[in-house]
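The values are calculated or read from the model by the stated rules, or taken from the named source; none is laboratory data. What you see is a predicted model, and the numbers here were worked out from it, not measured in a lab. So basically every Cβ, Gly included, is an ideal-geometry build from the backbone, and we count neighbours across all protein chains shown. Protein only, heavy atoms only, side chains kept; ligands, DNA and RNA dropped before computing areas. Shrake-Rupley method; radii C 1.70, N 1.55, O 1.52, S 1.80 Å.
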Amino acid sequence: MKRTKKYSYFMIGMIVGILISIAGVAFADGFSQVRVWLAGDLTFKFNGMKKRLPYGQTSLIYKDRVYVPARFIAENIGAKVKWIQESRTIEINYNERESVEKEEKEETTSDKSVEDNVKKNDDYDKLPITQKVDEVYITITGLHFDKDMLRIYLKVENKGDVPIQIDQIATKMIVDDKEYFQDDLTNVLFPYDRIWFNDIKEDDEVKGEIKMPPIDKDTKKLSVFIKVRENNLSKKEKVIRYDIDLEGENN
């Protein structure tokens, strides 16, 4: 019970001061211009899980406060946001019990993922490795070890009629039980490959790279997790795992 009450206070604290981001809202009387600063390099953590704002959205800094889209915060803590144009009302609906149950489920799932990572460490394959998601074929074709980064070369072939995107910012690696995240790559001037910001449509074949933090060139085994998103109303996402055997590859 104490936990539920605490969650309520958390919810109130998160919603206060959040900039509402709603498509199609026209500026009218009552709005005034202010000077703000873009803060697009922020990382958010929800119960310890790192998340970045979706591509095309950003955070703002105004009078020493950070403003982020309400929908991003609300949906990541189990709430739903609705814009009612007629009355210019923002509805945020929140079920405490469901959110607490979701939080507990996510904690359990997170523990299970760590356990799975250990269990699968016996099965590693040589590059190239291809994984299939519905009608999309995603191949890690090679790796390149630079001083400041690891480059993961990717080829994506979409044989279906649903446009997809590669969420490069969500990419993760595991080396010797240590996790590396794409958004930890802070010392590279251009950390993103712009090609992944575009839709990969039916019959497209796209080649690009994902830049990751540097790892030891003598690494023998590497696990890479790549997130794929259907860019339609469903916004369905799936994380694909690649267990890579690098023994003898870097000599």
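About the Cα centre of the stretch 146-251, what is the dipole size in debye to 20, counting +1 per Lys and Arg Cβ and -1 per Asp and Glu Cβ, all else neutral?
My answer is approximately 200 debye.
When the solvent-accessible surface of protein heavy atoms is calculated with a 1.4 angstrom probe, in what order do K227, K207, K178 fall, highest first?
These residues rank, largest area first, as K207, K178, K227.
Return the subset of K45/K220; K45/K155; K132/K221; K126/K235; K147/K238 for which the Cα-Cα distance in this structure is over 28 Å, preserving the input order.
Where the Cα-Cα span goes over 28 Å, the pairs concerned are K45/K220; K45/K155; K126/K235; K147/K238.
Could you work out Rg/(2.2 N^0.38 Å) for the stretch 139-233, with Rg from alpha carbons only?
Its radius of gyration relative to the 2.2 N^0.38 Å reference: 1.11.
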